[in-house]
1. With 172, 146 as the choices, which residue is β-branched (Val, Ile, Thr) and part of a helix (DSSP H, G or I)?
2. Keeping to segment 431-440, report how many residues are at negative phi and either aliphatic (A, V, I, L, M) or surrounded by 13 or more Cβ atoms within 10 Å (Cβ to Cβ) (or both).
3. In this structure, does residue 407 turn out to be in a helix (DSSP H, G or I) and either at pLDDT below 95 or of a type outside the set (Asp, Glu) (or both)?
4. Say whether the condition of being in contact with a Ser or Thr (Cβ under 9 Å, 6 or more places away or on another chain) and either surrounded by fewer than 16 Cβ atoms within 10 Å (Cβ to Cβ) or not assigned by TED's automatic domain parsing to the domain that holds residue 405 (or both) is met by at least one residue in segment 374-393.
5. Only one residue in 242, 271, 232, 252 is within 22 Å of residue 433 (Cα to Cα) and surrounded by 19 or more Cβ atoms within 10 Å (Cβ to Cβ). Which one?
6. I need the helices (runs of 4 or more DSSP H) fully contained in segment 34-98, keeping only those with at least 2 residues that are modelled with pLDDT under 75.
7. On the given criteria, is residue 215 closer than 24 Å to residue 329 by Cα and loosely packed, with under 15 Cβ neighbours inside 10 Å?
8. Looking at 360, 312, which is the one that is in a helix (DSSP H, G or I), in contact (Cβ under 8 Å) with a residue 40 or more places away in the chain, within 15 Å of residue 393 (Cα to Cα) and not polar (S, T, N, Q)?
Amino acid sequence: MFGRRQEDVASPAAAPTPQSAAPIAASEPKANALDRLAEKDFDEKEVTKHAPNALAKTKELIYDKLMQQIDLQTASRLPETELRRQIIEMIGEIVMEQKLAINQLEQQLLASQIVDDMIGLGPLEPLLADEAITDIMVNGPEQIYIERKGKLELTNIHFRDNEHVMNIAQRIVTAVGRRVDETSPICDARLKDGSRVNVIATPLSLKGCSISIRKFAKKKITLDIMAHQGNISEPLCKLLKIAGACRLNLIISGGTGSGKTTLLNAMSRMIDHGERVVTIEDAAELQLQQPHVVPLETRPANLEGGGEINMRDLVKNALRMRPDRIILGEVRGGEAMDLLQAMNTGHDGSMGTLHANNPREALTRLENMVNMSGMKLPSHAIRHQISSAVQLIVQIQRMRDGIRRITHVSEVVGMEGDVIITQDLYQFVFQGEDENGRLIGEFKSSGLRPNFTRQAAYFGLDKALLELI
């Protein structure tokens with residue numbers, strides 16, 4: 001058995017107070033809209049601190065006794081299965097010594113929570129293991145929300161204190177060579193499986209350290225799967241496949257959590273395996289399936305304030321790497337200018353995502369971000385470059401029933417005066433909702449001939465394209 005401690009050196013933030021890992025179930029949807037409104041007038045007690053019960057106090061006592069006996073440094077080097085076995089044995093001894101009312105199943109649960117905190121992410125581990133959960137939001141030590149099937153739910157999991165949350169946050173960010181503390185309280189990072197993590201600590205976060213995790217599904221999402229789930233229709237699925245295969249310069253637009261990165265991953269499957277692809281992100285989360293992919297990631301400034309490498313630096317460097325396509329995980333600043341230049345200089349099929357509410361606003365945001373580059377260009381010149389570089393804008397939205405749908409597929413046709421002309425190829429037309437609250441609608445084609453038909457003909461896909469309109 002691993003070494004036991006001779007002195008009391010347990011840290012109160014080293015492990016979580018054992019708690020149940022089962023999230024609170026979501027309420028049943030109401031058929032009547034007025035009933036749903038009345039349901040929102042909830043009791044404030046539902047979101048306040050959970051009162052400890054007798055079982056929680058018993059577990060806390062066992063935890064304190066256990067921490068006095070464990071040599072954490074020695075225990076952390078043991079294999080997980082051996083560590084879990086020995087902790088279960090020690091818990092059994094403590095239960096007998098203290099004559100506590102706790103069964104074998106609860107002992108195993110407590111052991112799992114302690115092991116998770118020693119070598120994992122503590123109370124977050126069961127949430128990360130649940131494939132139905134897509135987002136985890138830690139709002140300080142007492143409040144953890146999850147997203148399941150597009151809906152937010154409050155869990156009954158909480159941390160021991162804010163220092164415990166900070167310890168978990170530090171473990172996440174140091175794994176990718178970054179830091180988070182009072183002098184640098186904001187950090188983007190990723191987990192081993194590629195899940196995206198954002199941490200914002202005190203004093204910026206008033207409720208304590210906040211951790212937001214966007215989980216990656218273990219099952220790869222393809223356009224065909226999206227069509228099966230109702231995110232898109234079959235004809236629209238084929239249109240997007242053709243757009244990806246024809247090397248169209250593409251912008252995916254949408255709000256936070258709308259599924260932009262997932263759609264970008266799905267569309268990237270249409271990239272030929274003979275192409276060299278360079279991806280650029282703040283925190284690497286794209287999961288391209290091609291064999292020739294060079295992922296690049298930005299670097300924050302060091303303690304002295306130097307050494308920062310931003311997205312614009314990486315886009316400029318990527319142009320010297322002989323890429324066939326450049327993919328930006330998210331366009332949010334002056335790198336928009338460099339991306340447009342790449343699209344206009346032989347890197348057909350480049351893609352990027354940005355935040356906007358509709359395709360027209362996406363073009364406006366793109367123009368504003370070009371201005372952020374510091375290049376004082378007239379608006380006409382910027383719009384002309386956008387119209388000649390971007391060919392297709394795909395708008396995706398998470399709707400109120402929790403389902404993410406593509407609402408617009410708009411093609412950039414050209415310029416008329418100082419205005420960029422676009423035409424909608426497909427649009428989601430809302431028609432109502434069923435008895436379960438699921439929205440009903442139709443992915444409707446505009447019937448307009450795509451402007452990129454000639455480019456599709458170059459790849460032998462023009463007939464298949466015209467059949468979809």
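The values are calculated or read from the model by the stated rules, or taken from the named source; none is laboratory data. This is a predicted model, so every value here is computed, not measured. Every residue, glycine among them, receives a Cβ derived from its backbone with ideal geometry; neighbour counts consider all protein chains shown.
1. Working: 146 fails: part of a helix (DSSP H, G or I).
Being β-branched (Val, Ile, Thr) and part of a helix (DSSP H, G or I) holds for just one of 172, 146, which is 172.
2. Selection size over segment 431-440: 4.
3. Considered against the rule, which asks whether it is in a helix (DSSP H, G or I) and either at pLDDT below 95 or of a type outside the set (Asp, Glu) (or both), residue 407 comes out as no.
4. no
5. Only one candidate qualifies: 232.
6. Ranges flagged: 54-69, 72-75.
7. no
8. Details: 312 fails: within 15 Å of residue 393 (Cα to Cα).
None of the other options fit; the residue is 360.
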